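Below you'll find the structure, written out as structure tokens, and then a few comments.
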Amino acid sequence: MMELSRRKLLVAAGAAAAVVPAAHAAQDPSLSDNVPKKWDRTVKLLIVGAGGAGLTAAVSAAQNGLTDTLILEKMAYIGGNTAISGGGMNAVDPARQKPQGIEDSIENHYEQTLKGGDYRANPALVKELVENAPETVTWLESIGMKFKDKVYQVYGSLYPRGHAPLGSLGQDYIKVLVDQCKKYGIPIEKQARVVRIIRETPLKGKVLGVEYEKGGKLITVRATKAVVVAAGGFGANKKMRALHDPRLADLTTTNHPGATGDLLPLMVDVGADLTGMDFIQCNPGCPPGRTHRVPLHQGGRFIIVDRNGKRFIREDERRDVIRDAVLIQPKATAWGILDQTRFDMINQGQKDAAYKGLETGDAWKADTIEELAQKMGLPPAALKATVDEFNAGVKAGKDKLGKFQRNLFPIEKPPFWGAYVGMSVHHTMGGVVINTAAEVIDRRGEVIPNLYAAGEVTGGIHGANRLGGNAIADCLTFGRLVGKEIAEKKACMIDAQSESGPDVAIWIIVSSLTCVLGRYFG
């Protein structure tokens, strides 16, 4: 047995004793007037946001032994942007890719993500994403998620590694995750809007919990282990996005109405740093003045033309490049075209949007390209010449604008489909700074204790441009990892804010001494 030296024992005891004043100080309300003298509720883990990242964090924590969790959602529904997304999830997957003749690797995904974001992303976060995304796919399948057998190249993804939900769109993820929350008895409180994050002092100490508003009442919740913010981005907040990119002030958005970035200023209030707030992505959507979106672009199996019926951009380019090319068109409007074969390949949710578009005047269908052009208000002869030229390039295996051969599909089987291609704000790459453990970092580069963030509320993962299919991978991978991280994290001290008395002080000394001795000798 190891013999403890007198010097080491004294050092360890001194270190343990040093924590006692801090513990008692945390009980002193004078430290910060914003800390409640009495909390309305107490849980171990509090999650803000019931979208893909928040639900995944809750389920992952529960699987690792932490079930005392509360999820707060400000909307009357759950799912966030994940539920209404196309659902494509990037991950290297040899079991699916190799039978399709696709060679891929973690290194390839890493390099494409960094390069696709103009090397403005944090390489450590990118590495964490691409290395763990494959396991996230496996994990999702283990809890009931079903994907199509073949991967595909998501619009703007640059490579075929997208996993498509077997059902329809991103709602599939939410259904599976909600079932798991029910299994573990994790409550999701809707219409609960967080208005304040509570820290021991405004810019120092642990994050203790939050205050939220529900039914006109303010309620405080203590989180003894951690607060995870997974409240999404700010794509639906016109004022916030215009502050960082004035071009986007009046655009529509593909986001759900609750994606207003409410938690960003609240995290800044407790010291969080922000990054990349002007990195805002758009996707094909409603042109100015329209309200219904027809997402025929999914999978890159379409062509985009201008009002003269001519192609002007490679359809499998980076999303920011396509965005800028469309925004400079007259009235920031273009048109997308595909044939029935390609239409049959999109998800049912996307088909339903197209059928509705036939009624709203946002989509068209015709038996010939010339008839389609007339319905869309484009020059019939010019559009027919464009389609013929494109089809010739498909046959030759070489596209005039450089579209990848793997994405060259002819437009030849009637009926032919067309829809507006405007630009809608789709994803905000900026947000709070985090480290690879998803801990929120303050403006001095230090961890804010007990505060974590995952999903679109974070910045630094995608850089200046997000690859299509990387958002679902980001939300679900970091959600899974942060839930596991918090559940497995062992605290050396009990919650001094909620306990008091001499017995507790003695327990703190013994517990802290044990922890310090463990660091010295264990």
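Miscellaneous remarks
- Which labelled figure in (1) 27.5, 116; (2) 23.6, 73; (3) 25.9, 93 is Rg and Dmax of the Cα atoms in Å, once derived from the coordinates: (3)
- Using a simple spin-label model with pseudo-atoms 7 Å out from Cα toward Cβ, residue 103 and residue 291 lie 5.2 nm apart.
- Protection proxy ranking of 473-482, 210-219, by the mean of other Cβ atoms within 10 Å over each peptide's residues and highest first, is 473-482, 210-219.
- Relative contact order of the chain: 24 percent, from C-alpha pairs under 8 Å at least 6 residues apart in sequence.
- Comparing Cα centroids, the stretch 268-294 and the stretch 104-159 end up 22 angstrom apart.
- Beta bridges assigned by DSSP with both partners in the chain are antiparallel in approximately 70 percent of cases.
- Qualifying GluC sites (Glu not before Pro) for the stretch 414-463 [loop in DSSP, other Cβ within 10 Å: at most 12]: 446
- The stretch between residue 41 and residue 95, if pulled fully straight at 0.36 nm per residue, gains 14.8 nm over its current Cα-Cα span.
- All other residues whose Cβ lies under 13 angstrom from that of residue 212 are scored, Lys and Arg at +1 and Asp and Glu at -1, for a net of +2.
- Net length gained if the chain between residue 142 and residue 127 were fully extended (0.36 nm per residue, minus Cα distance): 3.0 nm
- The radius of gyration of the Cα set in the stretch 262-377, together with its Dmax, comes out at 17.5, 60 angstrom.
- Taking the average, over residues, of other Cβ atoms within 10 Å as the packing measure, peptides 261-274, 140-153 rank 261-274, 140-153 from highest down.
- Summarising the label geometry, the points placed 7 Å from Cα in the beta-carbon direction at residue 184 and residue 413 lie 4.3 nm from one another.
- Solvent-accessible area, 1.4 Å probe, carbon plus sulfur percent, for the chain: 53 percent
- Label point at residue 358 placed 7 Å out along Cα→Cβ; residues across the stretch 272-301 whose backbone nitrogen lies under 17 Å: 293-296
- Top positive-direction residue, dipole computed over the chain with Cβ charges, set 471, 151, 338: 338
- Sites residue 191 and residue 331, calculated FRET efficiency, Cβ-Cβ separation with R0 22 Å, nearest 0.05: 0.05
- Distance between the C-alpha centres of the stretch 448-463 and the stretch 346-397: 41 Å, rounded to the whole angstrom.
- Helical runs assigned H by DSSP (4 residues or longer) give the chain a calculated mean residue ellipticity at 222 nm of -11500 deg cm²/dmol, each run adding -39500 (n - 2.57) before division by the residue total.
- Largest-first principal axis extents, alpha carbons of the stretch 355-424, Å: 37, 29, 19
- When +1 charges are put on Lys and Arg Cβ atoms and -1 charges on Asp and Glu Cβ atoms, the dipole computed for the chain relative to its Cα centre reaches about 200 debye.
- Residue separation of residue 436 and residue 217 scaled by 0.36 nm, minus their Cα-Cα distance, works out to 75.2 nm of gained length.
- Taking amide H as placed 1.01 Å from N in the peptide plane, residue 285 has its amide H under 5 Å from the amide H of 422, 423, 424, each at least 5 places away in sequence or on another chain.
- Using the Cβ-Cβ distance between residue 166 and residue 321 with R0 set to 35 Å, the FRET efficiency from 1/(1 + (r/R0)^6) comes to roughly 0.65.
- Computed E for residue 76/residue 384 - FRET, C-beta separation, R0 56 angstrom, nearest 0.05: 0.70
- For the stretch 136-194, size of Cβ-based charge dipole, Lys and Arg +1, Asp and Glu -1, in debye: 80 debye
- Solvent-accessible surface of the chain, averaged per residue with a 1.4 angstrom probe and all protein chains in place: 42 square angstrom.
The values are calculated or read from the model by the stated rules, or taken from the named source; none is laboratory data. What you see is a predicted model; the values in this text were computed from it and never measured. All Cβ positions, glycine included, derive from the backbone under ideal geometry; neighbour counts span all protein chains shown. The protein model used for the area step is the full one, side chains on, heavy atoms only, and it has no ligands, DNA or RNA in it. Shrake-Rupley method; radii C 1.70, N 1.55, O 1.52, S 1.80 Å.
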